[in-house]
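Below is one structure, written out as structure tokens; the observations come after it.
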Amino acid sequence: MKYSIGEFASILGVTADTLRLYEKHDIVRPMKDNHNNYRYFSDLDARNLLSSRWYRSMQIPLQAVAGLIRDAPSEQVVESIAAAGMQLEEEIRRSTLLLGKIQEIHAELGGISESFYTCTIRQVPGMYRIQQTNKNHLLQKEGLKKTVQSWMELLPFTFYSFRIENTDGIYGTDELDYSWGLALLAEDQQKLEVCLDDSTEYLEPAVCISAVIVSEYEEYLERESFGFMLDYAKAQNCRISGDINGKILFTERTNNGSRTYLEINIPIERI
């Protein structure tokens, strides 16, 4: 029998647009009536359509499905289904990692009140980082672009961080030597199997004085904003043992303006 596109779509429970898409991929091949220019589908088209929908239900790409419909030895069918299963396993693995990261971020933000302008001493994990600014000015480095693009695709595993170098004179009045850039925890780099290149720097795990502060959205990073942490280090008979680092937790936007919550970590050792 032959069926109009509307009849065929209704019988098989698909839309006319789906039929047109499958026709474009040569999965169904309606015959054209030269008298009225209508296209009519056949029972064989129904079989091909149902087979293709079965393949698509296993998330096999439509282009690959078209190949299976046109010419597919049994070995190719088995291999295609196996490949779809492996792809789904990888998607589940990545989704599981993403769920864990979302839960981690939620717990971190939920505990902000406990560390808000309150110093604690804790172990900060190692992380990889790419420098994207000199102070607040973006660097124009051609070699960075590819890495930045790939790391942007890793959000929310990557996060925006700062690093204050040359901390020998941190108690003085010299201007801070800092930079901003994307960062990735070392443990997440291993889980995600992220390749590293020469543009990546590594910050070693360290015992740090940590606190959360608030900065006005357009403010530069200044010593006064975390001066209470430096005072705390002195009171604990500690000295700074490495570069200060931290990250943006989130930015709060209200009718009164915008404020950014920052986590600051100061590596220390006992005197």
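Within the range 106-116, does at least one residue satisfy the condition of being within 24 Å of residue 240 (Cα to Cα), touching a Gly at 6+ places or on another chain (Cβ under 9 Å) and either open to solvent by less than 40 Å² (accessible area, probe 1.4 Å) or touching a residue at least 24 places away in the same chain (Cβ under 8 Å) (or both)? No - not one qualifying residue is present in the range 106-116. Only a single item in (1) open to solvent by 80 Å² or more (accessible area, probe 1.4 Å); (2) in a helix (DSSP H, G or I) is not met by residue 34, and it is number (2).
Okay, residues lined up against (1) at pLDDT below 95; (2) open to solvent by less than 70 Å² (accessible area, probe 1.4 Å):
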| position | (1), (2) |
| --- | --- |
| 183 | no, yes |
| 204 | no, no |
| 208 | no, yes |
| 215 | yes, yes |
| 221 | yes, yes |
| 243 | no, yes |
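For the range 39-58, does any single residue satisfy the condition of being under 23 Å from residue 72 (Cβ atoms), among the hydroxyl-bearing types (Ser, Thr, Tyr) and exposed (fewer than 14 other Cβ atoms within 10 Å of the Cβ)? Yes, some residue in the range 39-58 is under 23 Å from residue 72 (Cβ atoms), among the hydroxyl-bearing types (Ser, Thr, Tyr) and exposed (fewer than 14 other Cβ atoms within 10 Å of the Cβ).
Only one of the numbered conditions (1) part of a loop (DSSP other than H, G, I, E, B); (2) crowded, with 19+ Cβ neighbours inside 10 Å is violated by residue 198, and that is (2).
It is to be established whether one or more residues within the range 54-72 are under 23 Å from the mean Cα position of the chain (by Cα) and within 30 Å of residue 22 (Cα to Cα). Yes, the range 54-72 contains a residue that is under 23 Å from the mean Cα position of the chain (by Cα) and within 30 Å of residue 22 (Cα to Cα). Would you mind stating whether residue 76 is more than 30 Å from residue 179 (Cβ to Cβ), open to solvent by 60 Å² or more (accessible area, probe 1.4 Å) and under 21 Å from the mean Cα position of the chain (by Cα)? It is false that residue 76 is more than 30 Å from residue 179 (Cβ to Cβ), open to solvent by 60 Å² or more (accessible area, probe 1.4 Å) and under 21 Å from the mean Cα position of the chain (by Cα).
The values are calculated or read from the model by the stated rules, or taken from the named source; none is laboratory data. Quick caveat: nothing in here was measured; it's all calculated off a predicted structure. Virtual Cβ from ideal backbone geometry, glycine too; neighbours counted across all protein chains shown. Remember, those area values only see protein heavy atoms, side chains included, never the ligands or the DNA or RNA. Shrake-Rupley method; radii C 1.70, N 1.55, O 1.52, S 1.80 Å.
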